[in-house]
Every structure is written in C-alpha cells, then in structure tokens.
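Each remark here refers to the structure printed beneath this line.
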Amino acid sequence: MSTHITIEPLGQAVAARDGQTVLDACLRAGVWLPHACGHGVCGTCKVQVLEGEFEHGGASNFALMDFERDEGRILACCATARTDLVIEAEIDEDPDAQFLPLADYSAELVEARMLTPTIRGLWLRPDREVPFQAGQYLMLQVPGVDGARAFSVANAPGEALIELHIRRVPGGRATGWLHDELRVGQTMRFSAPSGRFFVRKSAQLPLIFVAGGSGLSSPKSMIQDLLAEGCRLPITLVQGARNIDELYFRDLFEALADKHPNFAYVPVLSDLPDSPDGGDWAGARGYAHEALKTQFAGDFRGHKAYLCGPPPMIEACIKTLMQGRLFERDIYAEKFFTASDAAGSAPRSPLFRSL
C-alpha cells in the first residue's frame, strides 16, 4: 500500500510506502528537503502539512513543540503518511547542488586499517557505482544496532572504492562493532547520498577548509575532487589534531601541496610537550582557529569556508572567521548528531546552518 506526498511550492508528488518516512520518500525520488540529524532531534526537517493525515513518529518534544504539532507541523525524518499528504517546505535552490536520488547499496570490505589510535579507515567495494557530491555522507547499517549511522565519504566521486573514517565513540555500539568486529570480506549495506555539504564551485572564490579529527573525511574528498578537476583557485586546508599520532594523511596533503602550487596545507597540534622543541614538531601549535587566523592574518574577506569537526572547533572557527569579515553566506559547517543525542532527546539549537 502506498500514499502520495505532494511537496509545495515545487508541486511535485512522490510515492511513499506504508511506514516510509516523508523524508526518505522524498530523497529517494530525488527531491531534497532540508535535514540534518535523521533522528528527530535537531528540527531541521520541520515542514508544514497542508492536507492529509499522518503519524508523528519518534519526534523529540524539544525539536517539535506541542503547539507546532497542533498547527500541523511534522519532522519529515520521523513522520509517516496515513493518507495522501500535501506538505510545504522551505527548499533552497542552489546552482551547485546535484539532485541525486537516495539509493541502497551493498559493499564488500576490502581493506581496513587504523589511521590513528581512535580512527579506523574502511575501504568498501560497492555492488555498483555510487553517485555523490564530494562532501556528502552515507547511512551505514551496522549489525545489531537499530537505525543507520551517518559517515562522510572520504574519497572523491568516481573512484572504485568507498572510503570511510570511523572514529570510535566511547561506549558507542556501532563504532565499537566497526572497530572490533568488522573484518575484511564481510558485506555491509548503506544508503547514499545524503547531505548538502558540497563545494559552491560556481562562486569562483578562494577556498578555506578546516578539519578536526575524523572531520577530515569531507575535506579530503572535496579537495581531491577540486584538484583532479584542475581547479586553480587558492585552496587552504587547516587540519587540527591533539598530537602527531592523531594527525593522519599528513603525507598525502604534503604531497598534494608540493604538486599543486594553489594548495596550502597547515597542520596544527594542540597537545604538545612542554619542552622547547615541542617534541620535535616544527609546525603550527595551538588550535585550528588560531592557526587559521595566523595563516590569513585575520582577514578572510573574499573566501568560502568549509568547516568539519567537533562542535567546539567549529564554533571557534566561525567566531574567528566572522571577526575577520567573513559572514554566514560564505561559511558552511557540517554537523552530525549521534544516536545518544536522539535517545537523550536533549534540546539542541542549530550550530550555524543546516547542511
């Protein structure tokens, strides 16, 4: 049994299976709706129902207030249609967006290795090509864990293998299984692509990327994609890590910087020995936002900035960029919410903008 969902102001109708969420039905038909967490926590996917009956599903009371429910608002990531629906959504038209339908894939794990003491790299061979934009993520199914988990794709589009960087979350069942149980030769399933984190290439402005921890995944994909296409715009990557053991793919980015005069790589470490030589580290010291400010002498006008990493790092970088005269329209931040966020139903405010 299926229902139909009409999305205004597009006027486009999509089919929804019984029990399929509004968001999933739209994404699989190539209709993008704003969304972020996928767990009913952040409220990014809030839409207005104009006609029809629905079930709210597992929407958090913090993300969808009682008065909003009374007014017919839903969270598209949780709500399901009981009858045909007409919804109204705020849909940004972006000239750089590729509207790629969400699809399901299976893939064999062909390589796995530790990239840092806390991040495991996985390389998957999918059953067919996976179309995506550099910077987007996939939703990975993990055995024994309810719900899929979001992981950014670290390789550039068009490559044969899908590359993921999995940071172990303390106490996390999904990342624990992916670190301790998953072995080469096993089959994984995922859906892709998801997210609106991609390079606004049409702007033709110099690019700043800031990454911390496994947040390096998206910038790695985006930068390799740009350089492979022959981009000649200035590109800067600031990669923050606590220590040298957590600074991964340094050799790759140094090689890219040697090969491409328009690419600058700035690694920065925040947790160094107190000795004068800093443990023989000759690079930048401190936090990513401090290295960013130093690299550009505090003036970021005329750039586009893309931020990926822990929320404190992103918050600090946003503040630094805005102090240097770069404002919201030119700053893009990737944010994910964990399953524990959903379980706790903690109130959340948007970090900066929803992607």
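The values are calculated or read from the model by the stated rules, or taken from the named source; none is laboratory data. Just so it is clear, the structure is predicted and the values come from calculations on it, not from any experiment. Glycine also receives a Cβ, built like all others from the backbone with ideal geometry; neighbour counts cover every protein chain displayed. Side chains are part of the model used for accessible areas, which takes the heavy atoms of the whole protein and leaves out ligands, DNA and RNA. Shrake-Rupley method; radii C 1.70, N 1.55, O 1.52, S 1.80 Å.
For this structure, a couple of remarks:
- Filter result for Gly121 (assigned to a loop (DSSP other than H, G, I, E, B) and either among the charged types (D, E, K, R) or under 19 Å from the mean Cα position of the chain (by Cα) (or both)): no
- Qualifying residue in the range 327-345 (condition: among the aliphatic types (A, V, I, L, M) and at pLDDT 95 or above): yes
- Residues of the range 105-123 satisfying the condition of being in contact (Cβ under 8 Å) with a residue 60 or more places away in the chain and open to solvent by 50 Å² or more (accessible area, probe 1.4 Å): Glu108, Glu111, Pro117
- Candidate set: the range 4-13, residues that are in a strand (DSSP E or B) and without any contact (Cβ under 8 Å) to a residue 60 or more places away in the chain; chosen: the one least open to solvent (accessible area, probe 1.4 Å): Ala13
- Of the candidates Asp18, Asp70, Asp84, the single residue that is without any contact (Cβ under 8 Å) to a residue 12 or more places away in the chain and more than 30 Å from Leu226 (Cα to Cα) is Asp70.
- Restricted to the range 124-154, and to residues there that are without any contact (Cβ under 8 Å) to a residue 40 or more places away in the chain and in a strand (DSSP E or B), the residue that is most open to solvent (accessible area, probe 1.4 Å) is Arg125.
- The residue that is modelled with the lowest pLDDT, among those in the range 285-304 that are outside any loop (DSSP other than H, G, I, E, B) and either surrounded by fewer than 20 Cβ atoms within 10 Å (Cβ to Cβ) or of a type outside the set (Gly, Ala, Ser) (or both), is Arg285.
- Exactly one residue out of Pro311, Pro273 is open to solvent by 20 Å² or more (accessible area, probe 1.4 Å) and either in contact with an Asp or Glu (Cβ under 6 Å, 6 or more places away or on another chain) or more than 23 Å from Phe198 (Cβ to Cβ) (or both), and it is Pro273.
- Selection within the range 194-242 - of a type in the set (Phe, Trp, Tyr) and under 21 Å from Leu140 (Cβ atoms): Phe197, Phe198
Residue-wise test of (1) modelled with pLDDT of 95 or more; (2) of a type in the set (S, T, N, Q).
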| position | (1), (2) |
| --- | --- |
| His4 | yes, no |
| Ala25 | yes, no |
| Ala29 | no, no |
| His39 | no, no |
| Gln48 | yes, yes |
| Glu55 | yes, no |
| Arg69 | yes, no |
| Gly72 | yes, no |
| Ala76 | yes, no |
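- So Leu207, is it on the phi < 0 side of the Ramachandran plot and open to solvent by less than 40 Å² (accessible area, probe 1.4 Å): yes
- Search result, residues across the range 14-41 that are of a type in the set (A, V, I, L, M) and exposed (fewer than 15 other Cβ atoms within 10 Å of the Cβ): Ala15
- Flag if Ser214 is buried (at least 21 other Cβ atoms within 10 Å of the Cβ) and either modelled with pLDDT of 95 or more or not hydrophobic (A, V, I, L, M, F, W, C) (or both): yes
- Enumeration of residues in the range 55-108 that are among the aromatic types (Phe, Trp, Tyr) and out of contact with any Asp or Glu (no Cβ under 8 Å at 6 or more places or on another chain): Phe62, Phe67, Phe99
- Within the range 87-104, being part of a strand (DSSP E or B) and either without any contact (Cβ under 8 Å) to a residue 12 or more places away in the chain or surrounded by fewer than 18 Cβ atoms within 10 Å (Cβ to Cβ) (or both) holds for Glu88, Ala103, Asp104.
- Of all residues in the range 217-243 being more than 17 Å from His165 (Cβ to Cβ), open to solvent by 10 Å² or more (accessible area, probe 1.4 Å) and aliphatic (A, V, I, L, M), the one that is farthest from the chain's Cα centre (by Cα): Leu233
- Single unsatisfied condition, Ser202 versus (1) among the hydroxyl-bearing types (Ser, Thr, Tyr); (2) in a strand (DSSP E or B); (3) surrounded by fewer than 19 Cβ atoms within 10 Å (Cβ to Cβ): (2)
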